[in-house]
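S.K.: This is the structure I have questions about; it appears just below.
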Amino acid sequence: MDYVQRYIYAVTQKLPEGQREDIKLELQGLIEDMLEERTQGRPVTEGDIETVLRGLGSPQELAVKYQVRPRYLIGPAYFDAYIAILRIVMISIGIGLTISFAVQALITPAELLEHFVSYIVSVITIGVQGFAWVTFSFAIIEYAGVKPKDRGASERKWSLAELPEVPDRRLLIKRSEPITGIIFAVLFAVLFTFSVELIGAIIFKDGQFQGTVSVFHTENFTRYLPLIWGLTALSIMKESVKMIFGKWTRGVMLSHMIFNVALLILMVIMFKDPAVWNPYFMEQLVQLNVLTPGSEAFEWVEGIWNEGRKWFVYIVGLVTFIDMVTVLVKVYPIRKGSAEHQEPVH
Amino acid sequence: MMTDIQEVVNGLLQELRRGTIIIGVLSQLSEPQYGYSLVMILEEKGMAIDPGTLYPLLRRLEKQGLLESEWDTTESRPRKYYRRSELGTEVYRQLCSDWREMNRSVESLLDLN
């Protein structure tokens, strides 16, 4: 009888908890009935049990039949876009890491082997990260997108007027746009994660590498890495939505705005923290003989450095704002125009 | 070649049968039956159905409101009895007339060839 219990357990453990007990009892009754029918009163052998259970099929198959919910993370509606974006992300991770490896190899050729080992390790770990984030993003899109469609589809009658208009060509989003966006997002993530010390001045003198002066405080910055990855995931989601829809609709515009605001907030949180900036930036430039204290050039760079940090957040905000306004200005009149254009038809 | 034809036929036949199972199940549930007794009844009348298919189907039909169920714990082994609900009976009636209609149409198509 042990096998029967194990079989039932294998079926029911994959089912929602609320139904388990009921299905367990029902299956138990069924299997006993089937055994009885088979043996006609003689004692049950292990062979009988095996035949009966085999007749019911594998526990996985049976559990699937009991489940009504679709058993996938990313459904057919989004699968093509998922594969496309996964490919883009993987390729840009590869490119980003290779560039960062090449730069490091150029700067310190003596440590080539070390660089190479960390390059390989990074390709694997970041590849897995990228895969996970893209899949996670799409699971959210699937979860958010599929539900209302399912609810509406069965009752809603469709009408001719409800058919979506053929979009204005000017409203189409070129595939290259989200692809570029994703590539840059991933490149930034790779750069900030692995080579934050390279963001700044890389000093060469007479073709000899002298050193780097990062604008960021390398150790303090690591605290913000999860936030950087969050930013990247948000950016990928933002671009994915554009890629899936392929045209500017009200919803796509709204999602673009929401993502932009979310990205801005995260960036402000990070760059407002004085600890992320390198406090010895000017001193290190002096140490590498780039600048001499007191010189005009020194004053000039120091001015930009001090003011620039303050203004950086505002610049980021301004860029985001301009991007949002551009989209609005570009899309809104066309959408309005095409809606008016349709009026005389019906 | 023969086996290929048989395979195609089997595949198509399975699809055809799948559609008739529900009407078959509904037809036998004016009186309460438990899953396995229903398997036996249907088999006897020429509609063989795998219990692994029937049991989940009964639950689905119950969830749709076409069947009602009740556990009987007075016997030596507890059994869940299903019967048609009012809605189920209504649906079954309509299915019956639609089925006859469909049957006639298909028959007349077949006669032509």
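The values are calculated or read from the model by the stated rules, or taken from the named source; none is laboratory data. These numbers were taken from a predicted model, which means no experiment stands behind them. In this analysis, Cβ positions are derived from the backbone assuming ideal geometry, glycine residues included, and neighbour counts consider all displayed protein chains. Please note that ligands, DNA and RNA were not included when accessible areas were found on the heavy atoms of the full protein model with its side chains. Shrake-Rupley method; radii C 1.70, N 1.55, O 1.52, S 1.80 Å.
S.K.: Of all the residues that make up the range B:1-40, how many are within 14 Å of chain A (Cβ to nearest Cβ), in a helix (DSSP H, G or I) and modelled with pLDDT of 90 or more?
M.R.: Counting residues in the range B:1-40 that are within 14 Å of chain A (Cβ to nearest Cβ), in a helix (DSSP H, G or I) and modelled with pLDDT of 90 or more gives 7.
S.K.: Here is a follow-up. Please go through the range A:31-63 and pick out each residue that is free of Cβ contacts under 8 Å to residues at least 24 places away in the same chain, at the interface with another protein chain (Cβ under 9 Å from one of its Cβ atoms) and of a type in the set (A, V, I, L, M).
M.R.: Selection gives A:M34 alone.
S.K.: Additional query: I'd like to know if the range B:3-26 contains one or more residues that are open to solvent by less than 50 Å² (accessible area, probe 1.4 Å), closer than 21 Å to A:E36 by Cα and touching a strand residue (DSSP E or B) at 6+ places or on another chain (Cβ under 9 Å).
M.R.: No; the residues of the range B:3-26 include none that is open to solvent by less than 50 Å² (accessible area, probe 1.4 Å), closer than 21 Å to A:E36 by Cα and touching a strand residue (DSSP E or B) at 6+ places or on another chain (Cβ under 9 Å).
S.K.: Within the range A:285-308, track down each residue that is assigned to a helix (DSSP H, G or I) and open to solvent by 70 Å² or more (accessible area, probe 1.4 Å).
M.R.: Across the range A:285-308, the qualifying residues are A:Q287, A:E296, A:E299, A:W300, A:I304, A:E307.
S.K.: Right, next: Please go through the range A:181-234 and pick out each residue that is in a helix (DSSP H, G or I), in contact with a strand residue (DSSP E or B) (Cβ under 7 Å, 6 or more places away or on another chain) and open to solvent by 50 Å² or more (accessible area, probe 1.4 Å).
M.R.: Narrowing the range A:181-234 to residues in a helix (DSSP H, G or I): A:181-194, A:196-198, A:218-222, A:225-234.
Narrowing further to those that are in contact with a strand residue (DSSP E or B) (Cβ under 7 Å, 6 or more places away or on another chain): A:196-198.
Selection gives A:E197 alone.
S.K.: On the given criteria, is A:Q28 at the interface with another protein chain (Cβ under 9 Å from one of its Cβ atoms) and either in contact with a Phe, Trp or Tyr (Cβ under 6 Å, 6 or more places away or on another chain) or under 19 Å from B:V39 (Cα atoms) (or both)?
M.R.: In short, yes.
S.K.: Determine whether A:V313 is within 26 Å of A:T218 (Cα to Cα) and assigned to a loop (DSSP other than H, G, I, E, B). It would help to see each step written out before you state the result.
M.R.: Values: within 26 Å of A:T218 (Cα to Cα): yes; assigned to a loop (DSSP other than H, G, I, E, B): no.
When the stated conditions are applied, A:V313 does not pass them.
S.K.: Which residue is farthest from the other protein chains (Cβ to nearest Cβ), if the candidates are limited to the range B:41-89 and must be open to solvent by less than 20 Å² (accessible area, probe 1.4 Å), of a type outside the set (S, T, Y) and closer than 19 Å to A:G55 by Cα?
M.R.: B:L42
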